[in-house]
Amino acid sequence: MTAPVVELRGVAKEYGAVVAVDDISLEVQKGEFVVLLGPSGSGKTTLLSMLGGFTPPTRGQILIEGRDVTGKAPAQRPTVTVFQDYALFPHMTVRDNVAFGLAMRRVPKPQRHELAYAAITQVGLSDFSDRRIHQLSGGQRQRVALARAIVIEPAVLLLDEPLGALDVKIRRQMQHELHSLQRDLHATFIHVTHDQEEAMSLADRIVLLNEGRIEDAGPPERIYREPATVFAATFMGDTNIVRGTVSKAGGGRVAVETAVGTLDCKGSGEAGEAVCLSLRPEAIRCGKANGPDSVPLGTGRLGDFVFQGTFRRCHAVAGPDASVRLQMRLPPEIEIEPEAQTPIWIRSSDIVVLKEGQNDR
Amino acid sequence: MWARWRSQLPVGIYLLVMLTFIYLPVIILVLFSFQHGVLPVPPFEGPSLEWYRKAFSNDRLMDALLNSVIIALSSSFGATILGFFAAYGMFKHTPVGASAVRFILMAPMTVSYLIIGLGLLIVFNFAGIGKSLLSVGIAHCVINLPICYAIIYSQFGGHLRNIDNAAHDLGASDIQTMIYVIIPVMAPPMLAAFLISATLSWDEFIIAFLLSSFDVTLPVMIFEMLRAGLTPEVNAAGTIVFAISVGLAFFAAVAILLRPERKS
Amino acid sequence: MTAETARADDARGGPAWAGGGESRVHLAKWIVWPPVLFTVLFFVAPLVVMACVSFWTRKQGVLIPEWTLVNYEKFFSKGYLRAALFNSFEVTLLTTMVSVLLAYPLAYVLAFKVPVRWQRLLLLFAVLPFWTSYVVRSYSWLLVISDHGILNDALIGAGVMSDPIQIAYSRTATVLGFVHFFTMLLTLTIYSNLIQINPSHLKAARDLGASPAKVLWHVTLPLSLPGVVVGAFLTFVITIGDYITPQILGGNTEVLMPQAIILQISRTANLPMASMMAILLMTCVLIVYFSIQRYLKMDRL
């Protein structure tokens, strides 16, 4: 395994008594697209700002390309930040913005213009290089900010919610372009967002942050399918959390007593331990259970149908005294009478056992 | 239509009365600068440029005009640069005792020009510098610095923080960031600050009166001419002063309207 | 590493941000100091020196740096000096009151009775002569009100009277000159306050059955008070320290504080006495400032 391009060792940032980032260690490999995901106040932006050199860490070490850059100014790091508000220079043309970093590196003018033009072309703005910034749309400004950053070939590109200010349609398109840009450049991208869909569509690896700590880290699919914590399960899309107690454990499987019955699934634990189970809405099905893998969840009364295009959202009220309310996503073509009583079930492999107590309230 | 017109009539008459009050002295000043006679009082004896001719051939008056221009431009330049330094410094970094620094920077605005002038007169006497145009220029810089600081600082918006960061991030030194990025972006408010300072310096009397000796500024010169009584030549000189003030103020208003872009 | 950064590092209890070995000059940290130094040197220091000199005396044109209260005693024992202070206060208060009374209706009409698209243009036009030198503005009024000036000429021509009335070189003339200037200033401050009033407040008051006069008295007036106070304070500060307007328009009938100060310098070159009077004037302004400030704070609560 090659040496990581970025290495954080026990990095922390405190503002007085407020802990913004709490003892984070992380390695990023060359060419990786890492997304720092978390709600506002999770410390993701502070972490990025410490990587970029704008915020000094209270504790810990930051290494980039094996060099300790903890005390270095932004200009002395092989990183470039793309800011949320783009921070383009309003008095310059697109070309001058992109060429700025090269000019500061004393690249001769002809070569500077050539490189700037190449970067502008790469982001698809070759017809706009003489435009002023205020003549561009939001999406075009975003591309200029990207071109300005990639033209100086940083070892690591830091992106601070770069798509946050764009409307949904352009955001989708920019996600796609960002992804292919990263592939073309074989560059290392560290991208901050609070949008889990954006994170899933971009990341090789998601680092999920909450209250200044890493809640979970791994490929998007793994985090979605097997979240490490209750927070990870609820933040990565909708889910149903069902509390229960382990009644039997062994052989990599557990049986959990819950209000909707005893659920048998993969996992580890000790008898008597309190756990949470994550049941994704789309994994809960209705009708007759089939297959050896299926686990019945009792009888549910379905209601609150909302048609959402690709699926039909509803709630199932189940358990004794109707104490459990489960969110479901049914295929849109299914026609079910409201208030119908129907058996509901789930595949054992779709149940995820989560330990209680890791940052959950 | 008529009813609406009638309801507007009192407002119109009122505005006309107030504007007459405000403009009456200016109109009289300008009108009688074209007097074809020896006194700037009625009756108006027909348009003539003779008093302007006289004013422009009055060497003392022209020297004063030149002095005023030099002092207005140089003291405003100094005040704008110092005001920008203060504003940029306070924007980039909160120094120890920021509120004390802000208080000191703004304090000259709350003290009468007379008192500022008197204090400088005493200090310059002690220091052996004495009265000179340089003293007047320094004093005008003192009174205009807080105004420049306030105008420029008010335009240092949050959007500039990341622009400043971006310039550093792309490898610009502090000086390069200031020269290539911050000053061009802040040029409109700096120009507005410069023009407003120039207007105030151009019009200022009491400090120039206290701190100048033989070489005087235009307002002081006009005050001296008043001792000889009312003449249309003073009207002509006053009209020149007024026209230039209004011109400067007009360009300042235009510069304020050219605010730096809020969004990058 | 400076003591200051070292302390900050201790507080962080870890590797230092500033201690990275790079000797980068932090422009941001020193750039604020030249203007501060300039202000201290040419504003704060002169005021301190002036305060000291006010406790000195002068004999045969030479300053005697011995601490004494003799100037202060002299000021309060000499009737003509005390009178200057009282005259200044009277003229200043009169000016402030008349200016507010003239400016408020003008600002009100501009803000509420003039179509929005004309407002700014009309306002700019109404305050244009604001940008005139005090000297030129005072001289212009002299032209209007002198014995043979346009005002007397018009009144006699209209048959209102047969002999010119004496306005120039009097307190009336001084106040007139001041009022002209500060009507413009106050119109600016009051107008900018009036247009910030949320129109729905006024509509709500009308909906609740208040007559236009009651809306003005109970809603508009209180809400626009900050603009009045700011403008009135500026009027006060500038009027009480102005020399040229009373000197040109007021003549020799009475002496105000700034004129008395200049007389001390020009007639007898008595800098200690002039300093003492300047300090006294500044103290008056500060007292008013602090009482206004307290009032403004209460207003915000």
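Across region B:223-244, the number of residues qualifying as farther than 18 Å from B:W202 by Cβ and of a type in the set (S, T, Y) comes to 1.
The rows are residues; the columns are (1) acidic (D, E); (2) within 18 Å of B:L82 (Cα to Cα).
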| site | (1), (2) |
| --- | --- |
| B:I129 | no, no |
| B:I152 | no, yes |
| B:Q155 | no, yes |
| B:R161 | no, no |
| B:A192 | no, yes |
| B:L210 | no, no |
| B:F214 | no, no |
| B:E233 | yes, no |
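Tell me, yes or no, whether region C:140-155 has at least one residue that is within 12 Å of chain B (Cβ to nearest Cβ), of a type in the set (D, E) and in a helix (DSSP H, G or I). Among the residues of region C:140-155, at least one is within 12 Å of chain B (Cβ to nearest Cβ), of a type in the set (D, E) and in a helix (DSSP H, G or I), which makes the answer yes.
Of everything listed in (1) at pLDDT 90 or above; (2) over 30 Å from C:T235 (Cα atoms), the single unmet condition for B:F126 is (1).
Scoring A:D304 on the criteria (1) more than 25 Å from A:V246 (Cβ to Cβ); (2) in contact with a Ser or Thr (Cβ under 9 Å, 6 or more places away or on another chain); (3) of a type in the set (D, E, K, R) leaves a single failure, condition (2). Give the residue, chosen from A:V242, A:V230, A:V207, that is hydrophobic (A, V, I, L, M, F, W, C), more than 28 Å from A:A259 (Cβ to Cβ) and touching a strand residue (DSSP E or B) at 6+ places or on another chain (Cβ under 7 Å). Answer to the check: A:V207. Among the residues making up region B:40-60, those that are part of a loop (DSSP other than H, G, I, E, B) and either touching a Leu at 6+ places or on another chain (Cβ under 6 Å) or crowded, with 16+ Cβ neighbours inside 10 Å (or both) are B:P40, B:V41, B:P42, B:N58.
Quick check: is even one residue across region A:295-314 under 18 Å from A:D264 (Cα atoms), in contact with a Leu (Cβ under 6 Å, 6 or more places away or on another chain), in contact (Cβ under 8 Å) with a residue 24 or more places away in the chain and not in a loop (DSSP other than H, G, I, E, B)? Among the residues of region A:295-314, at least one is under 18 Å from A:D264 (Cα atoms), in contact with a Leu (Cβ under 6 Å, 6 or more places away or on another chain), in contact (Cβ under 8 Å) with a residue 24 or more places away in the chain and not in a loop (DSSP other than H, G, I, E, B), which makes the answer yes. Selection of region A:100-153 for residues being part of a helix (DSSP H, G or I) and surrounded by fewer than 17 Cβ atoms within 10 Å (Cβ to Cβ) yields A:K109, A:P110, A:Q111, A:E114, A:A118, A:T121, A:S126, A:D127, A:H134, A:Q135, A:G138. Listed by position, the strands (runs of 3 or more DSSP E) enclosed by region A:26-98 that each have at least 1 residues that are within 24 Å of A:F231 (Cβ to Cβ) are A:33-37, A:59-64.
Is it the case that some residue within region A:209-221 is over 25 Å from A:D22 (Cβ atoms) and either out of contact with any Leu (no Cβ under 9 Å at 6 or more places or on another chain) or at pLDDT 95 or above (or both)? Yes, that holds for at least one residue. Those residues that are of a type in the set (A, V, I, L, M), in a helix (DSSP H, G or I) and at the interface with another protein chain (Cβ under 8 Å from one of its Cβ atoms), I need them from region B:133-179; list them, please. Once the filter is applied, which keeps residues that are of a type in the set (A, V, I, L, M), in a helix (DSSP H, G or I) and at the interface with another protein chain (Cβ under 8 Å from one of its Cβ atoms), region B:133-179 yields B:I138, B:A139, B:V142, B:L145, B:I163, B:A166, B:A167, B:I175, B:M178. Of everything in region A:65-94 that is within 14 Å of chain C (Cβ to nearest Cβ) and in contact with a helix residue (DSSP H, G or I) (Cβ under 8 Å, 6 or more places away or on another chain), the residue that is surrounded by the fewest Cβ atoms within 10 Å (Cβ to Cβ) is A:A73. Only one of the numbered conditions (1) within 11 Å of chain C (Cβ to nearest Cβ); (2) within 20 Å of the chain's Cα centre (by Cα); (3) charged (D, E, K, R) is not met by A:K44, and that is (1). I need every pair where a residue in region B:242-253 that is facing chain C (nearest Cβ under 9 Å) and free of Cβ contacts under 8 Å to residues at least 60 places away in the same chain has its Cβ under 8 Å from the Cβ of a residue that is in a helix (DSSP H, G or I) and among the acidic types (D, E), sequence separation at least 6 or different chains. Close Cβ pairs (under 8 Å, with a partner that is in a helix (DSSP H, G or I) and among the acidic types (D, E)) amount to B:S245/B:D203. Of all the criteria given as (1) closer than 16 Å to B:V111 by Cα; (2) within 8 Å of another protein chain (Cβ to nearest Cβ); (3) more than 15 Å from the chain's Cα centre (by Cα), the one not satisfied by C:M277 is (2). Figure legend. Inter-residue proximity from region C:29-51: first residues more than 7 Å from chain B (Cβ to nearest Cβ), second residues in a helix (DSSP H, G or I), beta-carbon distance below 7 Å, spacing 6+ or different chains. Indicated pairs: C:A51/C:I279.
Every condition in (1) free of Cβ contacts under 8 Å to residues at least 24 places away in the same chain; (2) more than 11 Å from chain B (Cβ to nearest Cβ); (3) part of a helix (DSSP H, G or I); (4) within 30 Å of C:L271 (Cβ to Cβ) is met by C:M97 except one, and the failing one is (4). Output yes when any residue across region A:247-268 is under 30 Å from A:T46 (Cβ atoms) and in contact (Cβ under 8 Å) with a residue 60 or more places away in the chain, and no when none is. There is no residue in region A:247-268 that is under 30 Å from A:T46 (Cβ atoms) and in contact (Cβ under 8 Å) with a residue 60 or more places away in the chain. Please verify whether C:I197 is in contact (Cβ under 8 Å) with a residue 12 or more places away in the chain, surrounded by fewer than 18 Cβ atoms within 10 Å (Cβ to Cβ), farther than 30 Å from C:P246 by Cβ and hydrophobic (A, V, I, L, M, F, W, C), treating the condition exactly as stated. Taking the combined requirement at face value, the residue satisfies it. Residues of region B:180-229 that are of a type in the set (S, T, Y) and either within 11 Å of chain C (Cβ to nearest Cβ) or crowded, with 24+ Cβ neighbours inside 10 Å (or both): B:S197, B:T199, B:S201, B:T217.
Cβ separations smaller than 6 Å between residues 6+ apart or across chains give the following pairs from region B:86-99 residues that are more than 7 Å from every other protein chain (Cβ to nearest Cβ) to residues that are surrounded by 22 or more Cβ atoms within 10 Å (Cβ to Cβ) and assigned to a helix (DSSP H, G or I): B:A87/B:Y149; B:A87/B:I152.
List, please: which pairs have Cβ atoms under 6 Å, are six or more places apart or on different chains, and start with a residue in region C:274-286 that is among the β-branched types (V, I, T) and end with one that is assigned to a helix (DSSP H, G or I)? Every condition considered, the pairs that remain are C:I279/C:A51; C:V285/C:V237. Which of the residues spanning region B:11-22 are closer than 13 Å to C:L110 by Cα and either surrounded by 11 or more Cβ atoms within 10 Å (Cβ to Cβ) or in contact with a helix residue (DSSP H, G or I) (Cβ under 8 Å, 6 or more places away or on another chain) (or both)? Across region B:11-22, the qualifying residues are B:V11, B:G12, B:Y14, B:L15, B:M18, B:L19.
Do we find a residue being in the same structural domain as A:G101 (by TED's automatic domain parsing), surrounded by fewer than 18 Cβ atoms within 10 Å (Cβ to Cβ) and either outside any helix (DSSP H, G or I) or not aliphatic (A, V, I, L, M) (or both) anywhere in region A:223-233? Within region A:223-233 (the criterion being in the same structural domain as A:G101 (by TED's automatic domain parsing), surrounded by fewer than 18 Cβ atoms within 10 Å (Cβ to Cβ) and either outside any helix (DSSP H, G or I) or not aliphatic (A, V, I, L, M) (or both)), the answer is yes, since at least one residue qualifies.
Do you know which of the residues in region A:111-162 that are among the acidic types (D, E) and touching a strand residue (DSSP E or B) at 6+ places or on another chain (Cβ under 6 Å) is nearest to A:A75 (Cα to Cα)? Only one residue fits best here, namely A:D160.
Of all residues in region B:167-179, which are polar (S, T, N, Q) and either surrounded by fewer than 22 Cβ atoms within 10 Å (Cβ to Cβ) or modelled with pLDDT of 95 or more (or both)? Residues satisfying the conditions are B:S173, B:Q176.
The values are calculated or read from the model by the stated rules, or taken from the named source; none is laboratory data. Values in this document were obtained by computation on a predicted structure and should not be read as measured data. Every residue, glycine as well, gets a Cβ built from its backbone with ideal geometry; the counts of neighbours run over all protein chains shown.
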